[in-house]
Amino acid sequence: MQSNFLKKIVPYTFVFPALLLLAIFSLVPIVIALLISFTGLDITGLGDWSQIKFVGLSNYLQLFQDNAFLQSILNTVVYVVVGVPLVIIVSLTIAILINSGRNSFFKMMRLVFYTPSITNTVAVAVVWTYLYNPSLGLFNTLLAKVGIAPIGWLTDPNVAKLSLIILAVWKAVGLNMLIFLAALQGVPRSLYEAAELDGANYWEQTRHITLPSLKFSIFFVTVTTLIAWFQFFDEPFVMTKGGPLNSTNSVALFVYQNGFQNSNFGYAAAGSFVMFVAIIVATIIQFKLQEKQRGE
Amino acid sequence: MVEIKLEHISKKYVGAKGYSVTDFNLKIKDKEFIVFVGPSGCGKSTTLRMIAGLEGITQGGLYIDEKKVNDEAPKDRDIAMVFQNYALYPHMTVFDNMAFGLKLRKYSEVEIEKRVQNAAQILGLADFLKRKPAALSGGQRQRVALGRAIVRDAPIFLMDEPLSNLDAKLRVSMRAEIAKLHRSLKTTTIYVTHDQTEAMTMADRIVVMRDGEIQQVGTPREVYEKPVNVFVADFIGAPATNFFDVTLQDGYVKTEARTFNLAVPEGINKVLKQAGYEGKKLILGVRPEHIHTERAFIETFPSATVKAKVVVSELLGSESILYTKVGDSEFVSKVDARDYLDPDQIVELGFDLNRSHFFDPETKESIL
């Protein structure tokens, strides 16, 4: 009897430390954030808990009337809709190109494309701020050489979002390219040879062999990239502070500004929860699509 | 009608020191079943891949129906190939795997359906057309790979060790099936294997290769009965041929230690003497199945017998394999199951020198 009980309990002792850490640093904070989002917690409430007032759903109601929040949602949607497909297409293309050769040139290119991923975002953003500088920056200098009027990369509300996307794509390509490369190297050569004998040209081989073989890594990259871009934060935080005219403000940055700059913790928590739900929904949709595809 | 001609074909891989295939010459006739056989690394697969167009040809000319195709893309050579690991498209159903090549070549839906159904019928795959390769057994996957070749209706089939991933029993039955398939389709086939049994049982002609060079081309009977050198005699036949270093003297061959002293049949002795081997060294090759225990044989050729000690014996059912020893020489014989003997027993063995092979010790080539 007793040994039977032990047998059942032993596996749980192995997973317990991991579960404990997950609970302390992830699950509990999520629950606390949910609770805070129903309160008017601010700087005074932190010092004196009796000052914390339960406000029900009023934070959420207020959020959806707040133009700054609605604008940040819109901006985040643009980041996700433009950025995620761009990251996947660019990193997949680069991976396929790099995989087409084995010599040292291709090895070097792998390093070149991976480097942005291992450099610090803040340092990178500072450099890019110079590149984007309207009067001194490299981009406008080059444009001037071919007679194109200077572009307000970070100062023009219509362009600034795009500028941040370009930077973020450039930075995200490395890691995802590496994931695609690993998957590509797992595709047996004989599949391509068989397809070649079947009469498939390069494009047909890519379409019928390469892409289907990468289905799982494409799915993985899509989900992780989607989650990352929903939380788009570093680039606008360092380069534009959300400006000009809130045109680059993301939901994550909005949450930061309200929580840590204006100390409206309850309000910020509500905003972060909206983001949390959006990410969950998007991920579930992805999984469902994936299941449907596999079911075929 | 299709005829394949390989003229002085050589292959050297970029960065490799030597040639992988050297001066390969062969004419393959229409409807022929040719088997390339040899140990791993002998260049047989490389040669096949050059014919398919998957490897470039370093030197020489490859002709299909008198047309040089060295520089033609694989898809333009109209060749179907079966790969060792089947190379089935994992994300496609069995039907789509077979239909893929036809779709790319823009066949009509009706024609594709007809051809795939026909191939599925021949191969017994009709019930599996909607499955993906992962849901098939090894033998079924092999059939799909064959089906993919059949639907193409290509004039040439190439098969690269198609049976080596199957278990022993399945290999034997698939072997017969491929042979049957060739009899009904009559497609010119080049088949690569390292298994001499597959080569012997399936081939119209066998090409024995070693270190990138052709050793011998001939029918299974020819390479078995008249091996041109020690390598072919050793490689073809199982268990392998026994070789003895002997000296020819006064109509007898004897080993250095005098453990053997066998009378050479008159006719063979004459030929050997004419070739100038009297008093010289030779390599004698005797197949295990040409060493006998039957009384009748021993009484007919009393001067071609040896008394040997059994080291190991294996009973295979209808026959026994005896591993025996005389002095320093060890050799194997394949005898009737009745003559199974326990180790350490002494057995009298008669050598059928009429069916034995004599090789020059320097060149290792056959003398007769």
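Laboratory data are not the source of any read-out in this text; all were calculated from the coordinates shown. Note that this is a predicted model, so its numbers are computed, not measured. Cβ: placed from backbone, ideal geometry, glycine included. Neighbour counts: every protein chain shown.
From other protein chains only, count the Cβ atoms within 10 Å of every residue's Cβ in A:198-205, then give the mean. Average per residue, whole number: 5. Beyond 19 Å between alpha-carbons counts as too far, so tell me which of B:Lys68/B:Lys186; B:Lys254/B:Lys281; B:Lys75/B:Lys106; B:Lys11/B:Lys44; B:Lys226/B:Lys325 fall in that bin. With Cα atoms farther than 19 Å apart: B:Lys68/B:Lys186; B:Lys226/B:Lys325. Membrane-span-like helices of chain A, defined as complete DSSP H segments with a Cα extent of 27 Å or more along the helix axis and a mean Kyte hydropathy of at least 0.5, are identified as A:2-22, A:67-99, A:157-185, A:265-295.
Among B:Phe24, A:Phe230, A:Phe139, sorting on how many other beta-carbon atoms sit within 10 Å of each Cβ, with the fewest leading, yields A:Phe139, A:Phe230, B:Phe24. Rounded to the nearest 20, the size of the Cβ-charge dipole of region A:1-110 about its Cα centre is 780 debye, with Lys and Arg at +1 and Asp and Glu at -1.
With the Cα gyration tensor of the protein assembly as shown giving a ≥ b ≥ c as the square roots of its eigenvalues, does the rule (a/c under 1.5 for rounded; else a/b larger than b/c for prolate; else oblate) give rounded, prolate or oblate? Since a/c reaches 1.5 and a/b is larger than b/c, the shape of the protein assembly as shown is classed as prolate. Shown in residue order for region B:74-90 are the 3J(HN,Hα) couplings computed by the Karplus curve 6.51 cos²θ - 1.76 cosθ + 1.60 at θ = phi - 60°: x, 5, 8, 8, 6, 10, 10, 10, 10, 9, 4, 9, 6, 6, 7, 6, x Hz (x for Gly and Pro). With chain B treated as a Gaussian network of Cα nodes joined by springs under 10 Å, which of B:Pro302, B:Pro227, B:Pro133 yields the largest mean-square fluctuation? The residue with the greatest mean-square fluctuation here is B:Pro302. With springs only between Cα atoms under 10 Å apart, run a GNM on chain A and tell me which of A:Val15, A:Val238, A:Val82 wobbles the most. Top of the fluctuation ranking is A:Val15. For B:Glu319, the residues whose amide H sits under 5 Å from its own are B:Ala337, ignoring neighbours fewer than 5 places away on the same chain, with H placed 1.01 Å from N. For region B:337-349, 3J(HN,Hα) computed residue by residue from phi via the Karplus equation (6.51, -1.76, 1.60; θ = phi - 60°) reads 4, 5, 8, 5, 10, 6, x, 6, 7, 9, 10, 9, 10 Hz, glycine and proline entered as x.
Taking a sphere under 11 Å around the Cβ of B:Ala233 and counting the other residues whose Cβ falls inside, with K and R at +1 and D and E at -1, yields a net charge of 0. Between the residues A:Ala252, B:Tyr323, B:Cys42, the greatest Cα displacement towards the positive end of the dipole of the protein assembly as shown, with unit charges on the Cβ of Lys, Arg, Asp and Glu, is found for A:Ala252. Of the DSSP H helices in chain B, those that are both long (alpha-carbon extent of 20 Å or more along the helix axis) and hydrophobic (Kyte-Doolittle mean at least -0.5) are B:109-123, B:138-152, B:168-185. With a cut-off of 13 Å between beta carbons, the residues surrounding B:Thr293 carry a summed charge of -4, where Lys and Arg count +1 and Asp and Glu -1. Among A:Ala269, B:Ala87, A:Ser100, which residue has its Cα furthest toward the positive end of the charge dipole of the protein assembly as shown, with +1 on Lys/Arg Cβ and -1 on Asp/Glu Cβ? In the protein assembly as shown, that residue is A:Ala269.
The dipole here belongs to chain B: it is taken about the Cα centre, uses +1 on the Cβ of Lys and Arg and -1 on the Cβ of Asp and Glu, and is about 1260 debye. Placing +1 on the Cβ of each Lys and Arg and -1 on the Cβ of each Asp and Glu in region B:242-359, which of B:Ala304, B:Ala263, B:Tyr340 has its Cα farthest towards the positive end of the resulting dipole? Highest projection toward the positive end goes to B:Ala263.
Comparing B:Ile34, B:Ile283, B:Ile268 in a Gaussian network model of chain B where C-alpha atoms under 10 Å apart are linked, the largest mean-square fluctuation is found at B:Ile268. When shorter helices are ignored and each DSSP H run of at least 4 residues is given -39500 (n - 2.57), the per-residue value for chain A at 222 nm works out to -23000 deg cm²/dmol. Shielding value for B:82-88 is 4, the average number of Cβ atoms from other chains within 10 Å of each residue's Cβ. With helices as the sole contributors, chain B gives -8000 deg cm²/dmol at 222 nm; each DSSP H run of n ≥ 4 counts as -39500 (n - 2.57), and the sum is divided by every residue. Other protein chain C-beta atoms within 10 Å of residue C-beta, averaged over B:91-101: 3. Charging the Cβ of each Asp and Glu at -1 and of each Lys and Arg at +1, and nothing else, the dipole of chain A about its Cα centre rounds to 520 debye.
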